[in-house]
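Visitor: Let me begin by handing over the structure; questions about it come next.
Read the figures in this text as sums done on the coordinates, not as results from a lab. Not measured: the values here are computed from a predicted model. Here the Cβ positions follow ideal geometry from the backbone for every residue, glycine too, while neighbour counts run over all protein chains shown.
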Amino acid sequence: MRKSQTRTHPLVSVSMIVNDTEQGLEVAPHHTLLSVLRDQLHLTGTKLVCGRGECGACTVLLDGEPAYSCLTLAVACTGRTVTTIEGVASGNELHPLQRAFIEHDALQCGFCTPGQILAAMALLREIPRPSQDEIVHWMSGNLCRCGAYPNIVRAILAASATMQERASAQ
C-alpha cells in the first residue's frame, strides 16, 4: 500500500452503560475501551500509561469486575456496565475510598490513583474486611511509580472500616 492510501475501518454500533448513563457509540472494531472513554466520552480520569495491561492505571470496573481498559476492545463492551473514576463519587460526596486516599496520603503524583481506587472498590466488594496481605495480593496489578504502597494499603483498610461502620449503622 502506498503512503497516500489509508485503510478505513467500518464503524460498529456499541451500546453500553457508562457511569449509570446509557451510551450509544460508533467505534472502529480495533478501538479499546480506554480510547473510547477518553476520546469519545471525554472521561479522562482513566489513564493511558503502558498500553499493555502491565500497570493498572487504566483500570475500570466492567460489570463490577476490574478490567484493564487498554486491553479491552470497546466492541466487547456491548450491553455491559462500565464504571470509571468519574462515576465513583455520589454527587459532591466522595466515596469512602476516595476520602481515605486523601486522608492517608495514598497518592503522590495521582496518575495511578483512579485505577488504584477502582481496583480497591472491586476488592472491598469481594472481600469487605481484607487483611493487609489480601490487599497487597489483590492490588499487585496496579503499580505506583511514586511508591505510595504503604499508604494505599492503609487507605484501603480505613475505607473498609468506614464502609463496615456505615453498613452496620443501617
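Visitor: Cα centroids of segment 113-170 and segment 3-81: how far apart, whole angstrom?
Guide: 25
Visitor: May I pose another question? Hey, got the dipole for the chain? About the Cα centre, +1 on K and R Cβ, -1 on D and E Cβ, debye to the nearest 20?
Guide: Value, rounded to 20: 660 debye.
Visitor: Treat the count of other C-beta atoms within 10 Å as a stand-in for reagent exposure and order LEU48, LEU61, LEU37 from fewest to most.
Guide: With the fewest neighbours first, LEU48, LEU61, LEU37 line up as LEU48, LEU61, LEU37.
Visitor: Counting only residues 5 or more places away or on other chains, whose amide H sits under 5 Å from the amide H of THR32 once H atoms are built in the peptide plane?
Guide: Amide H to amide H, under 5 Å and 5 or more residues apart or across chains, THR32 pairs with ALA74.
Visitor: Rg to Rh ratio, segment 96-169, alpha-carbon atoms and Kirkwood radius?
Guide: Result for segment 96-169 is an Rg/Rh of 0.94.
Visitor: Separate question: Which of ILE127, ILE85, ILE17 has the fewest other C-beta atoms within 10 Å, and how do the rest follow up to the most?
Guide: Listed from fewest to most nearby Cβ atoms, that is ILE127, ILE17, ILE85.
Visitor: A further question on this structure: Could you run the Karplus curve 6.51 cos²θ - 1.76 cosθ + 1.60 with θ = phi - 60° over segment 140-146 and give me ³J(HN,Hα) per residue in whole Hz, x for Gly and Pro?
Guide: After applying 6.51 cos²θ - 1.76 cosθ + 1.60, I find 5, x, 10, 8, 10, 5, 7 Hz.
Visitor: Can you run phi through the Karplus equation (6.51, -1.76, 1.60; θ = phi - 60°) for segment 108-123 and list ³J(HN,Hα) in whole Hz, with x for Gly and Pro?
Guide: Calculated HN-Hα couplings, in order: 10, 6, x, 5, 8, 4, x, x, 4, 5, 5, 5, 5, 4, 5, 4 Hz.
Visitor: Here is a follow-up. May I ask you to sort CYS50, CYS109, CYS77, CYS70 by Cβ crowding, counting other Cβ atoms within 10 Å and putting the fewest first?
Guide: Listing CYS50, CYS109, CYS77, CYS70 from fewest to most nearby Cβ atoms yields CYS109, CYS50, CYS70, CYS77.
Visitor: Also: Starting from the Kirkwood Rh over alpha-carbon pairs, what translational D in µm² s⁻¹ does the chain have by Stokes-Einstein at 10 °C and 1.306 mPa s?
Guide: 94
Visitor: Sequence-distant or interchain residues sharing an amide H contact under 5 Å with LEU43, placed H: which?
Guide: Here ARG38 satisfy the definition.
Visitor: Go through segment 94-101 residue by residue and turn each phi into a ³J(HN,Hα) via Karplus (6.51, -1.76, 1.60, θ = phi - 60°); whole Hz please, and just put x for glycine and proline.
Guide: Couplings: 5, 5, x, 5, 4, 5, 5, 4 Hz.
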